[in-house]
Every structure is written in C-alpha cells, then in structure tokens.
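Notes follow once the structure below has been shown.
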C-alpha cells in the first residue's frame, strides 16, 4: 500500500470516528439524556457533522482517491482496498455534487417542516402541511438535478440509498407484488376469523418482557459483550464500531408484539453490523450494503425466523414459564397463529407481513408522481385515499391516519420507503437459498440451534459490509439479482396455510 | 463586537462542542459501554482530542487573540469578553508552549506506566514501578522547563491547574496546616472511643440508598431536569453544557457513607457547573475556576453541610423511614457523630475530614522533592513511610497501602493533589463568610431550606465560571486570598466538640 492510500485511510478513519461519536450522542439523546440537554446536544451534533463533512468532501480526499486508483487497479474487485476506493469514490462524488447551500436549505427545510407536519397530523389538516411538502418536493427535484440521472429523477435519489437499482426495476418489482398481493389480502380479509390474536392483548409484565426479549436475542446470536439493549420511544439499532452495536426496544403491557418482535427486528440489524469484517473497520465499507439489505436482516430474523412455527416450538415453553397467567390455556400452535394475524390496516408501522409492502408500493408511486409532476401536492390526499381503497380495500377516515401518518415527507429525502420492501424481498430470496443449502433449517430452529443460519448469513452477507451493491451482493449470495418471486411464494405458502385461503392464485 | 471576536468565539464554540462530545463518550464508557467497546472508543476519543487540540492551538486562534486584545482593552476586567480573551490567551500560550512530541511522549508514558503501576500495587513491589516513575518525574521536569517558571519547577505545573498560586504560597499554607493538624490528629486518636460508627456497617439496601441519595441531592438544589445520576466504579461529575451535568455514585450494602456522601460530593460539583453563567456557554470560561475551587464545592456540600448536626436534624427522620431496620435504636445525634468518625488511616480516599489534608501535604512535599532532585525515586518508599509515621502516627505495612496506593503517579501530571486540600480550605473560607452574612444558616439547613445558601454560592462563585483565578475569586467573595485559618478553626471546633479533645491547641 502506498503512502497515499495510507493517508486516505487515516482521513476516512477520522471521519468514521467523528460519525461514531455523533452516533453515541444520538443514542444518548434517545435513551438517557435529561430534557435540559437538547440545546447543547444540537450544537455538539452540528459541529461533529460539519467537521466530518468538511474532512470527507475535501479537495485532499479527491486527490488521494485519484492517486489510489492506480494502486488498486490490479487488485481483485472484491478485495478490501479495491472496494474501499470504488465505494468511497461513489460517496465522495455524491457529497461533492451537492452544493453546500442546497445542503443547508435542505437541513433548514426539514427543521421548519417537522413541527408543521406534527401540527397538521394532530389536527388532521393537510392544507397546513401542503406548502411545506411542495417545497420539499421542489428540493428533491433540485437534489436529483444536482446528482444527475439518465432517465427519471427518482433514479438519482435511489442511487444514494440503493446503488445500482433503477426506478424502472423497482416499478417492475412493485407491479409483480401488486398483482400477487392485492388478491391475497382480499382472500385473507374474507377469512379473517381463521386467526385469533386476543391472547396478545391479555397483559404482560413489562419488565419480564424486556428481560425475556434480551435473553432471546442473545440466543439468536446477538453478542451482548459487544452491545446492549435499552428502552426508547421508537426502537432502533446504532453501531459505534464492531465492538459496540446497541439496540433499543419499547414495551407495552397491552400488546405483546411490540417488545419481543421489536427486539428481534433490531437484533437482526445488530447481528449484521456485528458480522461486518473487522478489516473494514473505520472505513466507509464498515456498514450494511444498503438500507434495503439491512432491512432484509431485521425482517428475516423477525418474520421468517421469529414468526415461524419451528421458532415457537422451541421458545414457547420458556415463554409460558415467563408469563404463566397471560398464556394460560393457550398452546404453541395458537400462539404461533396469533403472532401472524393479518388484516388490512391504515397505518404502515402496524401492518403485518402480507399487507406491509402495499403501504410501501403506494408511497413509491406517489413520490414518483409528485417528483415527475403528474401529481400536484394539493391532490395528494385524494390520490392517497383512492390507493388505500384499491390496494387494501379500506376507507381512510381522515388525513391523520392517511397521508399525514409518516414523518418521512417532513424530511426532504424521498426514496427512503422502497428500502422497507426491498428488505422483505431480499430476506425471502436469501431464505430460499438457505433452505436449499440447509434442508434441516426448521429442525435446527426447533432445537434452538441458530449458529448455522447466522454463520451462513455472516459468510454470504454480513462480512462484506458495503463492498457490493444490493444486486451484486444478491448475485453472489443467490445467483440472481433482487427479485420478488421468493417473497411472493413465501407469503402465499405461509398465509395460505394460516388462512386456508387460495393464496391469491 | 468585531468580526474577529465573533470568529474567535465560533472556533472556541467548536472546540467546546468537541470536548463535550468527548465527555459524553467518556461518561458512556464508565457507565453503560459494553466490554467490547474499549478499542473503538479509544479511537473515537483520540480523534476528538486531536481535532480539538489542533483547532485550539492553531495559528488562527493566535492571530484572532491578538486582534481581540484591542477590542476588549476598554472593557471591565470582569466583563465576559475581557475575561474570555484573558483566560483563553493563558490556555493558548500553555498549549503552544508544549512541543507536540512531548505531548505525545506524555500520553504514551502514561499508557505504558499504568498497567505496571497496577501490577506493582497488586504485588506490593515498588521496584517494578520505580523506573516508570523516574521517567514520569523526568517528563514533569521537561514540562516545567517548556512552560517556564521564575523560581521552582512546581510553579510551572501548578500554574496550569491553580493559576496564580505559587509553590511558596502553598508551602506556607501546608506548614500552617501541619502545625495545627498533627497535634489534633493525635488528640482525636487518643479519644477514638468517643465516636462509634458501627451503625454505618449494619447493612443498607443498595437500591433504596441510591434512590434516597438522588432525592436528597435534588433537595439540595441539583437540577435533575439538567442532569441524572448513574452508577460507576468511581463516582464522578461530568458536564456536557449548562443543560446536562451528570453525576455518578457507587453503593455498598456494608458501608453507608459511600453512596450518600459520594452523591452529595458529586452534586456539589454539579451544582457549580449548573450555576455557571449561561452567557459563558461554549467558551473556555464555562467551567469551574480551578480544580481546587471545584473541590471546595464538593467538600462544602459533602462535609460542611452534609456532615453537620443541623443537616441530620432535618434529614434523619426520612432516613429512618427509608431504613427502619438498620437504624433501629439509633437517634440523630448518634448518627451525626457516626458519619463524623475520625481516625488516622493509611488510604487517602478513605480518610476523614481531619486527617485528609495530611495525606495531601505529604504528596505535595514528595512531588516537590522528586522534581527538584533532593529525593531519589528509589528512596521514595522510605520517605513515604517515615512521613506517614510522623504525620499520622501509624506504620505502613507494605507499599500497596503506601506509596503505590494512588493512580496519580502513573500519569505524568504532578501538581494535581494540592487541589484536594485547596478545596477544603476554600470551602471553609467561603463558609466563614456565609455564616457572617447569613447568621441563621443552621436554622435554614435544619428546616431543609437550601435555596439561600445555593443562591449565595451561585452569585459569588458559580456564575463567574473560569473568569477569575482562585485568589481573585476569593478576594472578591471573601475579601482575602486563599487562606488556611478558617478551615483550621472549623475542624478544631467541630472535632474538638465531637471528641472532647483540646483540639490541638
């Protein structure tokens, strides 16, 4: 390695340290910070971000990248150093393409729009928020223009979050999903009584829930020597490096799913971080491949493992010992069915496995239409409600539980939602491959042996960090680019069995 | 204010943010960080320190300080801006005088010496540690030479921690203390049976202790909306800005004093920070005047308030309700006497109010003798043991509980110990003044009214932050520079009464 590459890594290491320090501060803010700390913390985070950005987007990094290109030209595509230079250059070019005043405008617009969105949601009054959303759409357009795109403005935004995926490719995937899922949702709705989930609302001691959840995720493979679990309003996973990846959860006495499945979801993210190759530490490669690939791991562990019959054959006895009163008279089969209850609902974050992607699909469509000008912001509520009716078969009573429900559009960033659906699809695609190579997977899960599954995922996905784009990673791991088929097959089989439905076929 | 002063404040604000971010990381490391996080955290802290130092000690700050001198020349000495430029210049010149390679050598020497000191202490084998201490003495000499001094090398080191105080002045103070305290200690030791502290070892529920301690310190005035209390191995106070000043405590079932008096001690530091003027936020003035003045507040609240008879007349009833079993048959007078038990002991951190300063005195003497070459490091254990015998009247059985007990000499920094004694003296000097102005202080304390005392301290001490040197501050607050007399009078009276001793006179 030449001195140039060394120097590049030094700077990238400092940038990583600054970002991780910011992450510790953000974690503290969500968990333990007293109310008086808000103002000081905002100053601290702003300073860390400004210094980190100015170090990374500096002329020096550009010069070093140019010099490093030659150094890595002969190295294999997947080597640490070649990947480092390739991915860092992508980040660098994106960072340099955005004019600083646009970055500032975006930060300000988000800060101003957020309380307005909050008020509009409280009052179910979209017209309050509309001018701010118009401004955000306009800023998204300017970001797309600054970054550049060949075909559609959404491509530019998507390339920041899910590099290598195009809007057209996503549209194809979503069309396939729509055709398969809309009829399945209708089938399930017709047979709604087939699953009774009242047991989940019987009342579960919160302290016991939190303790049980943490013990369970450590059994899955979350390494608590390199992490910890705390409580926060919204669960999240946050990494400060390979040695310290933390999760949070929340807990409700009245609804069992929140804590346990929240913890498994976050532990999925956390195990991904904990499995990234140590040689990538303190570089831009020490992260997940993309938000979508990251979400594949939270979803895989939460739903495909944590909501499987084999999983509950293993854990139900201990769960019953932990909650003898609440689970009286309920057997493992009933419990497994309860945690898989599916029904069309208004709120994305409460949606089940079957309906979830339809919530994302409509947001993806609406973002594109606004960005391309075919949908005016003032017409958004009408379009929203029509799509809920079409896809989920339900009426939206007011905008609070409709178009105003998500915080995302109060930020400027579009193209964040697709990651959630990509996560579901990628998880299923990996799982199809895993089942092919590990035919006894259910047996292992039933015996509480999660090591082989984790090892497979570490070897094929986690260790590579951010070396590959989602499609590159999936080609390597499964032989195919990202595809909707495995997930469609998975939900048809699982929910067909649960609901005795024709599974939309 | 000119653009230059504005720009200076901008840079100082960034430096403050970086240092505070480092403080959050350090707090986390001592409270919640999982064991695996050590390595990543070291990288993060090193990066933050390096950037903070290079911003502060930059040529630009020097140029801005020169430009700002003219701006503040007409302002009053105690104005925010004049104080800012004056104190920042002092810090800046010290930072610039130390060559970067010396700073690096010091950091490395400390890192290398610490585990050796630990092993030497475990094995009670001073000869293991001696070469490292020799090196540390040598580095202290080089620091003193780099900083410069008129008379004695210790002056240079002392000026960094307690600006304006000279080694000669301290020597005078310590001589006065020695003459007054050595006979008092002997008196107290002869009447040791006058105070029985067995009640403190009866067993106190740890959770109740921690809860009680936090409730108590909020009654004293620690603002929990701008702070919190957690557990750590060694109690400490750490500020992240006026809105967030945290304390930690520790708890022992077998020894009551640790948690409660630890919490009051730290709350004293914390109330100081919480009272610094908000206009000084994000500048080098947002801090205590010096470690010694800071310690005056922890000691004042812990000992002069928290170990007073009036204090326990107020709190004992609620303490008894919290620990009905442990405190059965013990009245408030017995309890007040128990928490004031005095006896000569080997270990500094366990020493009581009377004997504590003698531990500091001998360390101050020995540091000076090593620095000036009149004491060789190899002869240190002998000198140590002789001084313990002379001042405290006891024998040192081995170096683990003797010369190897403190971590401080494994760091390079000398001249830290005197701050502990200065704290005791300054606390008593302030208290003398307060009692003169507030004759009903004991009545207020007995009624649980701590507001007037806190307000006095805020007005005369806390709000000024780091504007004044210890002597300047004491001149303003009490009309006199730092002096030993009030403290000597205080312990003579208090312990004379407790032990019926002649109080060393």
With the structure loaded, tell me whether residue B:236 is within 30 Å of residue B:19 (Cβ to Cβ), away from every other protein chain (no Cβ under 14 Å) and surrounded by fewer than 23 Cβ atoms within 10 Å (Cβ to Cβ) or whether it fails that test. yes
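Among B:165, B:200, which is in contact (Cβ under 8 Å) with a residue 12 or more places away in the chain, outside any helix (DSSP H, G or I), surrounded by 15 or more Cβ atoms within 10 Å (Cβ to Cβ) and in contact with a helix residue (DSSP H, G or I) (Cβ under 8 Å, 6 or more places away or on another chain)?
Details: B:200 fails: outside any helix (DSSP H, G or I).
Sole residue among the options that is in contact (Cβ under 8 Å) with a residue 12 or more places away in the chain, outside any helix (DSSP H, G or I), surrounded by 15 or more Cβ atoms within 10 Å (Cβ to Cβ) and in contact with a helix residue (DSSP H, G or I) (Cβ under 8 Å, 6 or more places away or on another chain): B:165.
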Could you list all residues from region A:442-464 that are without any contact (Cβ under 8 Å) to a residue 24 or more places away in the chain and crowded, with 17+ Cβ neighbours inside 10 Å? A:456
For region A:315-354, give me each residue that is farther than 26 Å from residue A:447 by Cβ and in a helix (DSSP H, G or I). A:348, A:349, A:350, A:354
Evaluate the following for residue A:105: is it within 14 Å of another protein chain (Cβ to nearest Cβ) and modelled with pLDDT under 95? no
Within the group B:283, B:218, which residue is touching a helix residue (DSSP H, G or I) at 6+ places or on another chain (Cβ under 7 Å), farther than 16 Å from residue B:453 by Cβ and within 14 Å of chain A (Cβ to nearest Cβ)? B:283
Flag for residue A:295 being touching a residue at least 12 places away in the same chain (Cβ under 8 Å) and in contact with a helix residue (DSSP H, G or I) (Cβ under 6 Å, 6 or more places away or on another chain): yes
Which one of the conditions (1) in a helix (DSSP H, G or I); (2) within 24 Å of residue B:484 (Cβ to Cβ); (3) in contact (Cβ under 8 Å) with a residue 40 or more places away in the chain does residue B:384 fail to meet, given that it meets all the rest? (3)
Among the candidates B:172, B:225, B:176, which residue alone is within 14 Å of another protein chain (Cβ to nearest Cβ) and over 20 Å from residue B:297 (Cα atoms)? B:225
Report yes if residue B:214 is without any contact (Cβ under 8 Å) to a residue 60 or more places away in the chain, touching a strand residue (DSSP E or B) at 6+ places or on another chain (Cβ under 6 Å) and closer than 27 Å to residue B:332 by Cα, otherwise no. yes
Could you figure out which of (1) in a helix (DSSP H, G or I); (2) within 23 Å of residue B:17 (Cβ to Cβ); (3) in contact with a helix residue (DSSP H, G or I) (Cβ under 8 Å, 6 or more places away or on another chain) isn't true of residue A:71? (2)
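Pick out the one residue from B:251, B:245, B:208, B:276 that is crowded, with 19+ Cβ neighbours inside 10 Å and under 27 Å from residue B:330 (Cα atoms).
Testing whether each residue is crowded, with 19+ Cβ neighbours inside 10 Å and under 27 Å from residue B:330 (Cα atoms) leaves just B:251.
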Select from region B:14-37 the residues that are in a helix (DSSP H, G or I) and within 7 Å of chain A (Cβ to nearest Cβ) and list them in ascending order. B:14, B:17, B:18, B:20, B:21, B:24, B:25, B:28, B:35, B:36, B:37
Hey, could you check region A:53-64 for residues that are part of a helix (DSSP H, G or I) and surrounded by fewer than 19 Cβ atoms within 10 Å (Cβ to Cβ) and say which is nearest to the other protein chains (Cβ to nearest Cβ)? A:55
If you check residue A:274 against the conditions, is it within 14 Å of chain B (Cβ to nearest Cβ) and in a helix (DSSP H, G or I)? yes
Would it be correct to say that residue A:68 is buried (at least 17 other Cβ atoms within 10 Å of the Cβ), away from every other protein chain (no Cβ under 11 Å) and in contact (Cβ under 8 Å) with a residue 60 or more places away in the chain? yes
Could you check region B:437-472 and list, in sequence order, the residues that are more than 24 Å from residue B:288 (Cβ to Cβ) and in a helix (DSSP H, G or I)? B:442, B:443, B:444, B:446
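The values are calculated or read from the model by the stated rules, or taken from the named source; none is laboratory data. Note that this is a predicted model, so its numbers are computed, not measured. Don't worry about glycine lacking a Cβ; one is built from the backbone with ideal geometry, like all the others, and counts go over all protein chains shown.
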